[in-house]
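Asks: A single structure is presented below for examination.
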Amino acid sequence: MRIGELAARAGVSVRSVRYYEEQGLLASTRSASGQRHYTEAEVERVAFIQRLYTAGLSSRTIAGLLPCVDAPSQANSDAAIARMELERDRLSAHIADLVRTRDALDGLMATARAHRAELVAAAVAG
């Protein structure tokens, strides 16, 4: 199948399919005129890659996980699990940073509201 059909069937843009190929996540054969052609198996692969991106993984991380899919083995599975644990830890740290930032913003908002209330009270009294 050609790139447009693959993109439509996998629910992604043609640009995404090209990007996946540029990143080494997907392979195609080329016709004599240079058009990309894909097999039926690439539909599920693209959908899988998209799910990994949606989970917040980078193309580099995804490339590190694909050997587990392409050549299942205990070693590849162990490597994939270790990589996913690193990603989970990275995401957990990012979430903690976001929570601290949100809490700081809540504090600033409380201070601003208190200051506004003082201004309103002064205007009413004045």
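Asks: Enumerate the pairs (first residue in the stretch 61-80 and of a type in the set (Gly, Ala, Ser); second residue anywhere and assigned to a loop (DSSP other than H, G, I, E, B)) with beta-carbon separation below 8 Å, excluding pairs fewer than 6 apart on the same chain, so at least 6 apart or on different chains.
Replies: Short answer, once both residue conditions are applied: Ala63/Gln23; Ala63/Gly24; Ala63/Leu25.
Asks: List the helices (runs of 4 or more DSSP H) that sit entirely inside the stretch 22-126 and contain at least 3 residues that are exposed (fewer than 14 other Cβ atoms within 10 Å of the Cβ) and among the basic types (Lys, Arg). Outline the logic, then answer.
Replies: Values: elements: 41-54, 59-70, 74-125.
Qualifying helices (runs of 4 or more DSSP H): 74-125.
Asks: Sticking with this structure for a sec: Hey, could you check the stretch 71-126 for residues that are acidic (Asp, Glu) and farther than 20 Å from Leu57 by Cα and say which is nearest to the chain's Cα centre (by Cα)?
Replies: Asp103
Asks: Sort out which residues of the stretch 20-34 are in contact with a helix residue (DSSP H, G or I) (Cβ under 8 Å, 6 or more places away or on another chain) and not aliphatic (A, V, I, L, M), and write them in order of number.
Replies: Tyr20, Gln23, Gly24, Ser28
Asks: Sticking with this one: Can you pull out the residues in the stretch 7-21 that are more than 18 Å from the chain's Cα centre (by Cα) and either surrounded by fewer than 12 Cβ atoms within 10 Å (Cβ to Cβ) or polar (S, T, N, Q) (or both)?
Replies: None; the set is empty.
Where a number appears in this text, it was derived from the coordinates with a stated rule and is not lab data. It should be emphasised that the depicted structure is a prediction, and the values quoted were computed from it without experimental measurement. Please note: Cβ atoms are built from the backbone with ideal geometry, for glycine as well, and neighbour counts cover all protein chains shown.
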